[in-house]
1. Tell me the mean residue ellipticity at 222 nm calculated for the chain from its helices only (DSSP H runs of n ≥ 4, each -39500 (n - 2.57), averaged over every residue, nearest 500).
2. I'd like the distance separating the alpha-carbon centroids of segment 77-92 and segment 528-555, in whole Å.
3. Antiparallel DSSP bridges in segment 4-254: what percent, to the nearest 5?
4. Could you sort the peptides 74-82, 246-254, 433-441 by per-residue average Cβ neighbour count (10 Å cutoff), highest mean leading?
5. Given R₀ = 51 Å, what would the calculated FRET efficiency be for Leu286 paired with Glu66, taking r from the Cβ atoms and rounding to 0.05?
6. Looking at the chain only, what percent of DSSP beta bridges run antiparallel? Nearest 5 please.
7. Report the antiparallel proportion of the DSSP beta bridges in segment 273-463 as a percent, rounded to a multiple of 5.
8. Pairs of alpha-carbon atoms within less than 8 angstrom and 6+ residues apart define the contacts here; what relative contact order does the chain have, in percent?
Amino acid sequence: MQPVMLTIRDQIAHVVIDNPPVNALNQSVRAGMADAAAQVAGNDDIVGVVLSCAGRTFVSGADIRELGNPLQPYLPDVLAAIAGSPVPWVAALKGTTLGGGLELAMACHGRIADPAGKMGLPEVTLGILPGSGGTVRLPRLVTMELAIAMITGGKPIGAEQAQEAGLIDAVAQGELVEAAEAMVRSLAPGTPLLDRPLRSAEAVDWQAEEQALSRKSRGAAAPFEALAALRDAVRLPADQALAAERERFLRLSVSDEAKALRHIFFAERNAGGSLRTADATPADLLRVGVIGGGTMGAGIAVALLLAGSQVRLIERDGAAAATAQERVADMLAESAKRGVISDTERQDALYRLGAGDNYAVLADCPLVIEAVFEDMAVKREVFARLDAVMPADAILATNTSYLDVDALAEATADPGRVLGLHFFSPAHVMKLLEVVRGRTTSARAMATAGALARHLKKTAVVSGVCDGFIGNRIMNAYRRDCEFMLEEGALPHQIDAAMEGFGFAMGIYKVGDMSGLDIAWAQRKARAALRPANERYARIADRLCEAGRLGRKTGKGWYDYADGKPQIDPEVTRIIEEERAKAGHVRRDFTSSQIMDRILSIMQAEGQAILDEGIAETADDIDVVMVTGYGFPRHKGGPMFMRAAALASHGKTPEGLASAVLE
Ligand code: NAD
């Protein structure tokens, strides 16, 4: 099948790209487009061209697998042929027009979009920038302010905003291709876009723009290169700006950052591999039960409601159910306030929620998710009650963070229908879902987890049963080592600064203070008896808790929050020094890179152990967990990717990392 087709009707050439699923601009599409442009130029009967796509969307970008390995014909040359065509081209945009697709549309002489269409240049999210004129053409159509936001931020805009801003000429009222044809017939030959001045004449404070980017980019380089390319568009003639942009694009497309971002892009797409191949019919998700309406239960309920399910929320008693219902209503109101959902959607979601304390109403739910206190006795009791009221084929899930899913399954008559669904807080926002497969979890339970992840638009990763599953287990391993570093001479703010300098949104001590130090403390106390006497153990965190320093909620934790912001507290330094002396360590200095080397090597060693024990299915899944659930900087690709890349650079073959070395 030809990926690009040209037919002529009433002197209009209809060029249709047909490259499922998203009409990516791969080599054969570029060749087809070059051929179409040549046919149009060589046929005097043609008075205009309508460019459209088969399927559900206009071109949604380049073929990512070709990045870093460009093949002829190159996109800039194809676009130059279209832009220089003797007759006008109009692009008919539907679905999401992204990256090279939007550059293609901008090379046309007119653009019309479906009202639901979205347009964007998300290249920076893959560590590159638009390399086919995007940074030169966009500021000739829209203000520099919007061009900077779209190109350095990578977020798409809707058709209505695109029309107001000047990116497209019209929003189609009726049939899109017919409207495009009407537009191309009425289009007068104007000044070529590249010969036009920039849309906005006012000077840009480039330094201020750079500072704003520094706050957002967490150390990624591509947004700064994108900004520099836009600056070139201001100070260089168009042809030179195009050449400079291409040079930046080619350089970035082989950068470590771009490789890391491509790795995580594919790792996310392939995450939870076995969920997709689960050979069983999933439970229906129209009605779902949620037990416990605290922080997590309410968030899970909101996620389900927003996906269109009915939710039966069960609490301990009527008063607790009323509080839980209010919590859900507040979360929905907050989402509406932030513009994530409309007010009608909020009301509709609330209408589908029922809260109470009677387990009997769960009898018609094919799936129930438990999110009560993290206490085995409480959870076992809940599961025994569920076992009695739920239909025999219903799936029972627990949101436990640490408890043994197999032990919990034993509280039921049919342990095969039990599994873990570990959501992250806030559950209606965070994309990650760890699906915990117990020893006896059935294929149907796994298929249901896969269907639920798709229903909620979450990225699911499968984990076996162990203490903390994939994410919390790795986090606990490096948190423990961070406390050893405190004993040896580092201070909490130095460790946080090293992590933030590496690209984490927040260091581990600020995160700890935010979520509260008491839960981990309770856990340490519960396990104290099991700890081997000769195991190294830092008592610093226990001492903070004993002093009532439980984090932000008590005004003090690893930091002092007297004026709202985390301040270094001499009392914490004193406790650390005392514990250091007791442990017999001589204080030594740590550089940021020494701190990060240690954190990374612990993450990687624990990740490898998780793989060796068969807890994670792939190393890529571990990267997905760390990047989507634990703030690991996306542009570094994840700890296992970094390890494989380091091994590869020493001539060793990384094992178990499918997409480590792309190209
Ligand atoms: P929470 O204390 O905010 O909420 C627990 C809720 O369960 C309370 O509203 C309580 O009234 C209710 N409850 C207790 N016993 C019940 C029973 N027998 N029947 C019905 N309801 C009952 O706790 P949370 O932070 O929402 O955590 C819930 C679970 O999720 C825990 O297992 C926790 O480990 C896990 N988890 C928490 C987080 C997090 O960040 N908070 C993240 C992932 C997983």
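1. Helix-only estimate at 222 nm: -14500 deg cm²/dmol.
2. Spelled out, the Cα-based centre of one part sits 67 Å from the other.
3. 30 percent
4. The packing order, highest mean first, is 433-441, 74-82, 246-254.
5. In this case the efficiency is close to 0.75.
6. Details: 16 of 60 bridges.
Within the chain, antiparallel bridges account for around 25 percent of the total.
7. Among the beta bridges of segment 273-463, antiparallel pairing accounts for roughly 15 percent.
8. Working: 1252 pairs, mean separation 69.3, N = 663.
Computed over the chain, the figure is 10 percent.
Read-outs: derived from the displayed coordinates by stated rules, not from any lab. For clarity, every value in this text was computed on a predicted model and none was experimentally measured. Counting neighbours? That spans all protein chains shown, and the Cβs are built from the backbone with ideal geometry, glycine included.
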